[in-house]
Amino acid sequence: MNTPSLAPSLTLADVLAAQIRLATGLRRTPCLIARALSEIAGVKMWLKRDDSQRTGSFKERGARHALLCLEEVSRARGVIAASAGNHALGLAYHGAQLGVRVTVMMPVNAPAVKVARCRGLGAEVVLHGENFEMTHAHAIRLAAVSDATLVHPFDDLRVIAGQATMALEFLEQAPELDTVIVPVGGGGLLTGVATVVKALRPGMRVVAVEPENAAGFVAARVRGEPVRVSVPPTLADGLAVARVGATTFALAAPLVDDVVTVIEAAIAAAIALLARQAGVVAEGAGAATLAALLVGRVRTRAVVLPICGRNIDARVHERVVSEAMEANLGAPA
């Protein structure tokens, strides 16, 4: 599979090929009906538990697939990526499994725990730049001089095809679905899921959700192309992307039925509900889908919510759940 071009293309055949490549070394995650949450939201709801991947997020799918697509000479030269989160962890873990050297570029203000985790998984971590854009620019320069392969966290067809295998799984695991709600930051998961769903179940709705504090996909739809947006702090830090990908937007925009935004309070309430009613520790990006249901932004009878990650700071999670309990949110129905 080629890296993104001016005329990007992703087909169901690409995703099926990715699924074959990923047949070993990656978990097929459960997709379970959430009975208590279904009663609260008034819909039949399944949770696709990609938080149960080894490093805690769906990003492993794209990371491992990108590594498996490398030719032998490229494997020997290693890969470089800019990421301060789940993409970095996925590449570090699977790079070690596959014998590929991984260099991760992180902003200088990256949380020390994430730096330590990546190093613990065997990656070389380089701190550079104050934000993702600066870090990514440095990663591009370093890849050029080192002949390493740059693996973008979302705007890469190899990565997108790997993420898309999630949809192949949940369509088989929960055949009654009429809607999937997908969190969107850079757009890799949304693009992959929409490609599969519209190929195999064209009548099923694909709804994208993003924080009101990072509404890059909404802005891109209005402009007709990716546009930079300001990104204030958000609980859904995994979705805090200033500009959606050029490749992901080109592929996803024609396939997505609706895009909704959620406020921080709704994300917090969703994190608390997932913890108290389903026993799920979800990061804000994974809870944003439930938030969209809780505030009535999505109408559906049978829906699947990708719980895309569990890597939330423990102190933040404790605070959010505690505050929700004090406000009587997330209490048993």
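The values are calculated or read from the model by the stated rules, or taken from the named source; none is laboratory data. Since the model is a prediction, treat every value here as computed from it, not as a measurement. Please note: Cβ atoms are built from the backbone with ideal geometry, for glycine as well, and neighbour counts cover all protein chains shown.
Quick grid of which residues meet (1) loosely packed, with under 15 Cβ neighbours inside 10 Å; (2) touching a Gly at 6+ places or on another chain (Cβ under 7 Å); (3) modelled with pLDDT of 95 or more:
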{"site": "I20", "(1), (2), (3)": "yes, no, yes"}
{"site": "L37", "(1), (2), (3)": "no, no, yes"}
{"site": "V43", "(1), (2), (3)": "no, no, yes"}
{"site": "R61", "(1), (2), (3)": "no, yes, yes"}
{"site": "G78", "(1), (2), (3)": "no, no, yes"}
{"site": "G99", "(1), (2), (3)": "yes, no, yes"}
Among (1) in contact with a His (Cβ under 6 Å, 6 or more places away or on another chain); (2) crowded, with 24+ Cβ neighbours inside 10 Å; (3) not assigned by TED's automatic domain parsing to the domain that holds N213, the one test that G162 misses: (3)
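When you check G286 against the structure, is it in the same structural domain as A34 (by TED's automatic domain parsing) and closer than 20 Å to S57 by Cα, yes or no? Before you say what the answer is, go through the steps one by one.
Numbers: in the same structural domain as A34 (by TED's automatic domain parsing): yes; closer than 20 Å to S57 by Cα: yes.
In short, yes.
Considering A148, A174, A214, A199, which residue is crowded, with 23+ Cβ neighbours inside 10 Å and either touching a residue at least 24 places away in the same chain (Cβ under 8 Å) or of a type in the set (S, T, N, Q) (or both)?
None of the other options fit; the residue is A214.
A quick yes/no check of all residues on (1) at pLDDT below 95; (2) not β-branched (V, I, T):
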| site | (1), (2) |
| --- | --- |
| S230 | yes, yes |
| P233 | yes, yes |
| V244 | no, no |
| L251 | no, yes |
| P254 | no, yes |
Lone unmet requirement of (1) under 18 Å from the mean Cα position of the chain (by Cα); (2) assigned to a helix (DSSP H, G or I) for V182: (2)
Complete set of residues in the range 258-273 that are of a type outside the set (A, V, I, L, M), in contact with a helix residue (DSSP H, G or I) (Cβ under 9 Å, 6 or more places away or on another chain) and surrounded by fewer than 19 Cβ atoms within 10 Å (Cβ to Cβ): E264
Contacts under 6 angstrom Cβ, first residue in the range 218-243 being over 18 Å from V182 (Cβ atoms), partner among the hydrophobic types (A, V, I, L, M, F, W, C) and surrounded by 20 or more Cβ atoms within 10 Å (Cβ to Cβ), 6 or more apart: V227/A220; V231/A214; V231/A240; A242/V231
Residue within the range 21-37 that is of a type in the set (A, V, I, L, M, F, W, C), within 29 Å of A275 (Cα to Cα), free of Cβ contacts under 8 Å to residues at least 24 places away in the same chain and not in a loop (DSSP other than H, G, I, E, B) present: yes
Elements of type helices (runs of 4 or more DSSP H) in the range 218-333, at least 3 residues being closer than 29 Å to P202 by Cα: 246-252, 284-294
Count - residues of the range 101-157 that are among the charged types (D, E, K, R), assigned to a loop (DSSP other than H, G, I, E, B), at pLDDT 90 or above and under 24 Å from P233 (Cβ atoms): 1
Number of the exception - A164 against (1) at pLDDT below 95; (2) part of a helix (DSSP H, G or I): (1)
Residues of the range 106-145 satisfying the condition of being within 20 Å of I312 (Cα to Cα), of a type outside the set (D, E, K, R) and surrounded by 17 or more Cβ atoms within 10 Å (Cβ to Cβ): M106, P107, A110, V115, C118, L121, F132
Out of R297, R301, sole residue that is at pLDDT 95 or above and surrounded by fewer than 19 Cβ atoms within 10 Å (Cβ to Cβ): R301
Those residues of the range 63-100 which are β-branched (V, I, T) and either in contact (Cβ under 8 Å) with a residue 40 or more places away in the chain or not assigned by TED's automatic domain parsing to the domain that holds A137 (or both), in sequence order: V79, I80
